[in-house]
Every structure is written in C-alpha cells, then in structure tokens.
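The values are calculated or read from the model by the stated rules, or taken from the named source; none is laboratory data. Quantities reported herein were computed from a predicted structural model and do not represent experimental measurements. Cβ coordinates were reconstructed from backbone atoms using ideal geometry, including for glycine residues, and neighbour counts include every protein chain displayed.
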Amino acid sequence: MLKRFFILCSGTDADILANCSNGEQNKYAGIGATVFFTALMAFLAASYALYTVFDNYFTAVFFGIVWGLLIFNLDRFIVSTIKKKDSFLDELLQASPRIILAVIIAVVISKPLELKIFEKEIDQVLLEQKNDLTLANQEQIATQYTPVVEGIDTEIEALKKEVTTKEAEVNELYETYIAEAEGRKGTELVGKGPVYKEKREKHDAQLAELVELKKTNAEKIVNLEVQKGELAQAYEKQVEDSQPIIDNFDGLMARVNALGELPWLPSFFIFLLFLAIETSPIFAKLLSPKGEYDFKIEDLEGEVKTWTAQKADQRKALLETDHVVNDRVYNDIAEEDELYQYKKKIARELMQKQQDAFYKRQTDIL
C-alpha cells in the first residue's frame, strides 16, 4: 500500500510500472517518497512562516496545506516530465529549467525552517533591535516636548530670580533703616528720626510689593508646573501608545532580516540540505541508466506517435482521393445533354421572370 502511494507520488504510469521488475518499482517508489517528504517539509515551513504573519493556527495550517500540495504537484510534474535520452548532455539540458525551479523551491522551503531552527538567536537579535527602537522612539517623541518644557523651566527660573532679586532689595532697605536707627550709617544719629521714618516707609512699601510678587509668581509657577505635568503625561501616553508597535516588531520580514544578522554559514548548510533533497529526484533520474520502465514508455510513445502519423497520412490520402472522384463525377455530369436541356429551361424561365419584373417596375414609374 505504501509502495503504491509513493509510486503515485513519483508521477509514473502505475499500470506500466506494475509489469516491470521489483527493482524498477523500488527505484520509482524512492523517487516518489522524496517528492512526498519534500512536500511535507514545505507544508511545515509554510505553516510556521504564515503563523508568524497571522498568529492563527487554523489559518496557518490551511494555507500550509495549500502550499504543500502546490510544491507536491510541482515536484511530481518536474520528475515525471524528465525523459531518458541516449545522451546525458541532452538529458541535462532538458532538466536544466527544472533544476532552476527546484533551486527556487528549495530556497522557499528552507528559509522558514531556518527561522524556526534559529528562533532563539533571532529572538535575541530582535530584542536588541526592539531596545534600540524603543530608545530611538523615546528620543524622537521627546524632541516634540523638550523645547516646550525647557521654555517653561526658563520662565520658572525667571520668576524665581525676580523674587530673589526683590528679596535682596528689601533686605538691603531693611539693613539701611536699621543702620540709621543705630547711628551706624546715614545721619549717624542714634534714634528713630525723620530719616529713619522715611527709610522705614520705603522698606515697608517694598516689602508689601515683595509679598504680592511672591504670591503672584507662586501662582504662575504652579500653573507652569501643571503645564509641565500635562506635557509629561502626554509624552508618557505617546510613548505608551507607540510601544505596542515596537513590541510587535517580530513579523516575517523582521525575522528574515534578523536571520541575515547571524553568521551565514549555518543557514547556507541548511539551504544546501534542502537543495539536495529537492534536486535528488531529478539527479536520481538523470544518473540512473535506462530501465525497463523507460524502454516501455519509449515503446508506448513510439507506438502512439506512429499510429498518429498513420492516421494523418490516411486522412490526407482520403482527401486527395475524394478530390479526384469529385472531379471525375462533375466532368461526367457536364457532358450529359439531359442536364444541359434542364438547366437551359430553368435559365429561360428565370430570364422571363426578370424581364416581366423590369417591365412592371417601369410601368409603375410612368
């Protein structure tokens, strides 16, 4: 049962192969088994590759089956269309387009499996890339908010400096009227005279302004700090909203690019393995000598070709004979007087009817 299934996979004529030797049957069963397992690996590779795209097992398996059947059909077609010839060079030229197609199929099959085999290493590369993208994203978003925040900080510092400057002025006025009262400066008279009173009033006025300035600037600083907080929240929200895009940066293309960052030699050997598997049925058929099945197929095709040529020759001879017979028949009929008299009578009646019709039309016109 299994042998018959693999023979079916090889694309050979099972009825003809059934009359061949057991060794010939085993050869084509081996070729069919290679075709089948290549399609099976294509199914696994496509399912994994599509799972990285859709994140759904059923979708990945469905399209993986479709892809596996497509590869199976292509491989079966490639193997079944290679015919044994008397010259190896002719066979190689015949198989060269099929070999190129097999190389393409091997690349397509091997790449998803490479992604699975080197999954841990690829995840490490993707993690580093995600970290770099996260930092770059944060820096890029920060460029939208940093100038505004720096402007707010500058304004806050200016408000604080304004209060500090005012405090220095008030303290200086306080020191001035205290020194006047103690007689250390100004009039150098101890006591609270008119000059002391004047300086005290000036200090009190500036102190009131300082109190009002502190209150006003404190409110402004609070409002500016609130703006800074809102900007910080907006920045965090934008970073948070864009982070899932970076976290999902592990699709098929990203993994293929990450695979390219790894050393190429292991991937190359895996590709060679699949290339050998994919092309093995072709080279097995090229390198194997003509077998019993090949001779029978060649004999059957020659028989069909001869029979088709015979039918074409028979149709050509039948057509030529029919032309000769028709010529003789019409020549004999042309010499019969009875046919001549009948045709003459018909022609006379036709001319009379034409003349009557012409006369009637002319009469109607007049």
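On the given criteria, is residue 15 among the charged types (D, E, K, R) and out of contact with any helix residue (DSSP H, G or I) (no Cβ under 6 Å at 6 or more places or on another chain)?
Values: among the charged types (D, E, K, R): yes; out of contact with any helix residue (DSSP H, G or I) (no Cβ under 6 Å at 6 or more places or on another chain): yes.
Criteria met by residue 15.
Are there any pairs, at least 6 apart or on different chains, whose C-beta atoms fall under 7 Å, with the first in the range 48-61 and surrounded by 12 or more Cβ atoms within 10 Å (Cβ to Cβ) and the second polar (S, T, N, Q), and if so, which?
Here the result reads 50/59; 60/47; 61/47, each pair linking the range 48-61 to a residue that is polar (S, T, N, Q).
Being touching an Asp or Glu at 6+ places or on another chain (Cβ under 6 Å) and in contact (Cβ under 8 Å) with a residue 40 or more places away in the chain is the requirement here; does residue 91 meet it? Walk me through how you get there before you give the answer.
On the way: touching an Asp or Glu at 6+ places or on another chain (Cβ under 6 Å): no; in contact (Cβ under 8 Å) with a residue 40 or more places away in the chain: yes.
No.
Which members of the range 291-302 meet the condition of being in contact (Cβ under 8 Å) with a residue 60 or more places away in the chain and either more than 44 Å from the chain's Cα centre (by Cα) or under 13 Å from residue 32 (Cα atoms) (or both)? Write out each step before concluding.
Applying the first criterion (in contact (Cβ under 8 Å) with a residue 60 or more places away in the chain) to the range 291-302 yields 291-294, 296-298, 300.
Residues satisfying the conditions are 291, 292, 296, 298, 300.
Filter the range 348-366 for residues that are aliphatic (A, V, I, L, M) and in a helix (DSSP H, G or I) and give the result.
Correct list: 350, 351, 357, 365.
In the range 249-288, how many are in contact (Cβ under 8 Å) with a residue 60 or more places away in the chain, over 22 Å from the mean Cα position of the chain (by Cα) and under 21 Å from residue 79 (Cα atoms)? Working first, answer last.
As a first pass, look at the range 249-288 and keep what is in contact (Cβ under 8 Å) with a residue 60 or more places away in the chain: 249-252, 254-256, 258-259, 261-262, 266-267, 270-271, 273-275, 277-282, 284-286, 288.
Now restrict to residues that are over 22 Å from the mean Cα position of the chain (by Cα): 266, 270, 273-275, 277-282, 284-286, 288.
Now restrict to residues that are under 21 Å from residue 79 (Cα atoms): 273-275, 277-282, 284-286, 288.
Here the count works out to 13.
Any residue at all in the range 303-320 that's within 60 Å of the chain's Cα centre (by Cα), at negative phi and touching a residue at least 12 places away in the same chain (Cβ under 8 Å)?
no
Which of the residues that make up the range 229-241 are surrounded by fewer than 16 Cβ atoms within 10 Å (Cβ to Cβ) and not hydrophobic (A, V, I, L, M, F, W, C)?
Passing the criteria: 229, 230, 233, 236, 237, 240, 241.
If you go through the range 73-114 one residue at a time, how many are surrounded by 19 or more Cβ atoms within 10 Å (Cβ to Cβ) and under 23 Å from the mean Cα position of the chain (by Cα)?
Here the count works out to 10.
If you check residue 256 against the conditions, is it more than 30 Å from residue 124 (Cα to Cα) and outside the structural domain of residue 71 (by TED's automatic domain parsing)?
Values: more than 30 Å from residue 124 (Cα to Cα): no; outside the structural domain of residue 71 (by TED's automatic domain parsing): yes.
No.
Of all residues in the range 30-42, count the ones that are surrounded by 21 or more Cβ atoms within 10 Å (Cβ to Cβ) and among the hydrophobic types (A, V, I, L, M, F, W, C).
4
Of everything in the range 205-222, what is farther than 12 Å from residue 163 by Cα and either among the β-branched types (Val, Ile, Thr) or outside any helix (DSSP H, G or I) (or both)? Give them in sequence order.
222 - this is the single residue of the range 205-222 that is farther than 12 Å from residue 163 by Cα and either among the β-branched types (Val, Ile, Thr) or outside any helix (DSSP H, G or I) (or both).
How many residues are touching a Ser or Thr at 6+ places or on another chain (Cβ under 7 Å) and either of a type in the set (Phe, Trp, Tyr) or within 16 Å of residue 98 (Cβ to Cβ) (or both) if we restrict to the range 261-282?
6
For the range 190-199, state whether one or more residues are charged (D, E, K, R), modelled with pLDDT under 80, surrounded by 12 or more Cβ atoms within 10 Å (Cβ to Cβ) and touching an Asp or Glu at 6+ places or on another chain (Cβ under 8 Å).
Yes; the residues of the range 190-199 include at least one that is charged (D, E, K, R), modelled with pLDDT under 80, surrounded by 12 or more Cβ atoms within 10 Å (Cβ to Cβ) and touching an Asp or Glu at 6+ places or on another chain (Cβ under 8 Å).
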